[in-house]
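The values are calculated or read from the model by the stated rules, or taken from the named source; none is laboratory data. Values in this document were obtained by computation on a predicted structure and should not be read as measured data. Cβ placement follows ideal geometry from the backbone for every residue including glycine, while neighbour counts extend to all protein chains displayed. Accessible surface areas use protein heavy atoms only, side chains included; no ligands, DNA or RNA. Shrake-Rupley method; radii C 1.70, N 1.55, O 1.52, S 1.80 Å.
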Amino acid sequence: MEIAIPPDLVFVILAAVTLIAAVLALQAKELIYGAIALGISFIGIAGFFVFLDAPYLAMLQIAVYVGAVVVLILFTIMLVRREQSDELLDRPEGGQGAVGLWLAGLLAVAIAGVAALAGPNLPAAPPAGNLPVSSLGLVLAAEYPIPLVILALLISAALLGALVLAKVEK
Amino acid sequence: MVNLPATPADLIPFLFAVITSHTFIQIILFPGFIHVTLVTAFLTWYERKIIARIQLRIGPLYAGGPGGILQPIADGVKLIFKEVMIPYKADKPLFLAIPLALVVMAALPFAVIPFGQNWVIANLDVGLVFVFAMISLFPLMILIFAWASNSKYPFLGGLRSLFQQVAYEIPMWISALSIVMLAGSLSLVDIVNAQARIWFIIPAFLSFIVFFISVMAELERLPFDLPTAEPELVAGWFTESSGAIFMLQFLALYMKMYLMSSLVTVLFLGGWWGPAFLPQPVWFIIKTLIVATFIIIPRAVFARIRVDMLIRIGWTRLLIVALVNVFLTVLLITSGLTAILGM
């Protein structure tokens, strides 16, 4: 059975979860709660990927960002002792918060302006539909082989660098 | 397609349509939550009985039924009525929420496990990645719970759980890669359909060994039960839990055992395929229970290994074997042998 859920409702709920969790991640008094809120925000972004017919990206978003990045952040937090972690929190003072809000507002106005000016002239996005995962691999391997190889080289270099850094001198 | 209720008067027909729908019954009864919970309860009894037989004991006997098979119900009732002790200065909301989240995380992947040709709740295009994504969240939850307990033994157990994930997760993904290459799909239904002629355990035997060892590490079973090592860490990351909290964690752990056994069945043992005199889900559950037996037996046979040994095995043995198997699979596919074998 399929239930007809209005797409706008899904979008609003996902956006609310993602944004509220992101704000909580920045504002949490306890760093652990901040990390958990960050994980929830990442899951919200994964929800957007599902909503946009890209389930593969959504699953990798959960596995890599929530399963690995948040774990690393938590691990770092727990290596720092609790008394010290309170001192690490620095609240924005005085004008800083207002400046941030002004900048965010400016950015929102700029994006809205660009969308209003260029939006009607943009070519319509092709309908995504329910593409198989293999089409992603085909596009990557057939149309963008050189960026793919460069990316692989970059990751290998990062791995080797990590090995060199982790090697203990005897 | 059913529309969302617009007025309160539409609510009752809408709920009726939801509850009587095919998907809802599948989610609740079979292959959904009630079936999973019952098999999980059976597994706890089954493990105690097998370990007892290996150690020349009798095991649970007095709770009723043949061989005390009602023991899990007695355990559950006892644990529900016990007091939940929350440690002094523990983080109360997280301490209470994480066990629930563990059960949800363990139960969700059953939505994509195919128990038969039509016995699957959601045939996701990316089912395998979905299962892996869900189980990769477990060490995170365990670490948060261990931190929330505010006690040193759970915390050490939580950190060990994390180390363990670093050791087993990458070999596990890469050993599953050769299966995906053979089947040409990430959907678990397609993977099982590709095994109609020959089970993938035969062309990908090395991959099966790597995957099985990784599953043992993932499930924190002996010889990889470092996060819950009794002689060193009391009970590891669930040292401070009691009553209903402990019951939920125990349920999640055994649910995950059922999940991983069924994943091994799907990937390597031909899923629901079997002679036609039994229905497909029965074959699936029989195979899964056989896999679970082989996961349980080492608990009474092997000794525990150290953390550094586990990480060395993961990165220098399992990963290499898994990569070798990927190259063998590429050879198998490019040489056209898979076409001859009818895969």
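Annotations
- Residue B:34-residue B:166 pseudo-label distance in nm [points 7 Å out on the Cα-to-Cβ vector]: 4.6 nm
- Between the stretch A:39-61 and the stretch B:150-198, the alpha-carbon center distance in angstrom: 20 Å
- Near the amide H of residue A:3, within less than 5 Å, lie the amide hydrogens of B:2, all on another chain or at least 5 residues away, with H placed in the peptide plane.
- Of the trypsin sites (Lys or Arg not before Pro) in the stretch A:1-83, those whose Cβ has at most 13 other Cβ within 10 Å and which sit in DSSP loop: A:29, A:81
- Shape of the stretch B:212-333, Cα gyration tensor, a/c cut at 1.5: oblate
- A simple spin-label model places the labels of residue A:52 and residue A:72 2.3 nm from each other, with each point 7 Å out along Cα-to-Cβ.
- Sparse-neighbour loop sites [chymotrypsin sites (Phe, Trp or Tyr not before Pro); the stretch B:268-343; at most 15 other C-beta within 10 Å; DSSP]: B:277, B:302
- Relative frequency of Cα-Cα separations exceeding 19 Å in the stretch B:221-280, percent: 51 percent
- The GNM of chain B, with springs linking C-alpha atoms under 10 angstrom apart, assigns the highest mean-square fluctuation among B:160, B:221, B:317 to B:317.
- Computed Rg/Rh of the stretch B:85-341, alpha carbon atoms with Kirkwood Rh: 1.00
- Accessible area that becomes buried as B packs against A, both chains, 1.4 Å probe, Å², nearest 100: 2600 Å²
- Counting only protein heavy atoms and a probe of 1.4 Å, the accessible surface of the stretch A:1-88 is 74% carbon and sulfur.
- FRET efficiency estimate (nearest 0.05) - Cβ-Cβ, residue B:7 to residue B:315, R0 60 angstrom: 0.50
- Across B:278, B:289, B:332, mean-square fluctuation computed from a Gaussian network of chain B (C-alpha pairs under 10 Å connected) peaks at B:278.
- Helix screen, chain B: DSSP H segments with Cα axial length of 18 Å or more and mean Kyte-Doolittle hydropathy at least 1.0 are B:92-107, B:205-218, B:243-268, B:280-296, B:319-334.
- What the Cα convex hull of the stretch B:13-52 gives, in volume per residue, is 40 Å³.
- Computed [θ] at 222 nm, deg cm²/dmol, chain B (DSSP H ≥ 4; -39,500 (n - 2.57); rounded to nearest 500): -19500 deg cm²/dmol
- In the stretch B:28-103, the trypsin sites (Lys or Arg not before Pro) that fall in loop regions by DSSP, at most 16 other Cβ within 10 Å: B:57, B:82, B:89
- 5 Å binning of all Cα-Cα separations within the stretch B:149-299, expressed as whole percents from 0 upward: 2, 9, 16, 19, 17, 13, 10, 7, 5, 2, 0
- Between B:286, B:144, B:113, the GNM of chain B built on Cα springs shorter than 10 angstrom shows B:286 fluctuating the most.
- Once the convex hull of all Cα atoms in the stretch A:1-88 is built, its volume per residue stands at 94 Å³.
- Mean accessible surface per residue for chain B, computed with a 1.4 Å probe while every protein chain stays in place, in Å²: 45 Å²
- Gyration tensor analysis over the Cα atoms of the protein assembly as shown returns equivalent ellipsoid semi-axes of 36, 31, 28 Å (largest first, whole Å).
- With the simple spin-label model, which puts each label point 7 Å out from Cα in the Cβ direction, the residue A:20 to residue A:112 separation comes to 2.3 nm.
- If you wrap the tightest convex hull around every Cα atom of the stretch B:1-154 and split its volume per residue, you get 222 Å³.
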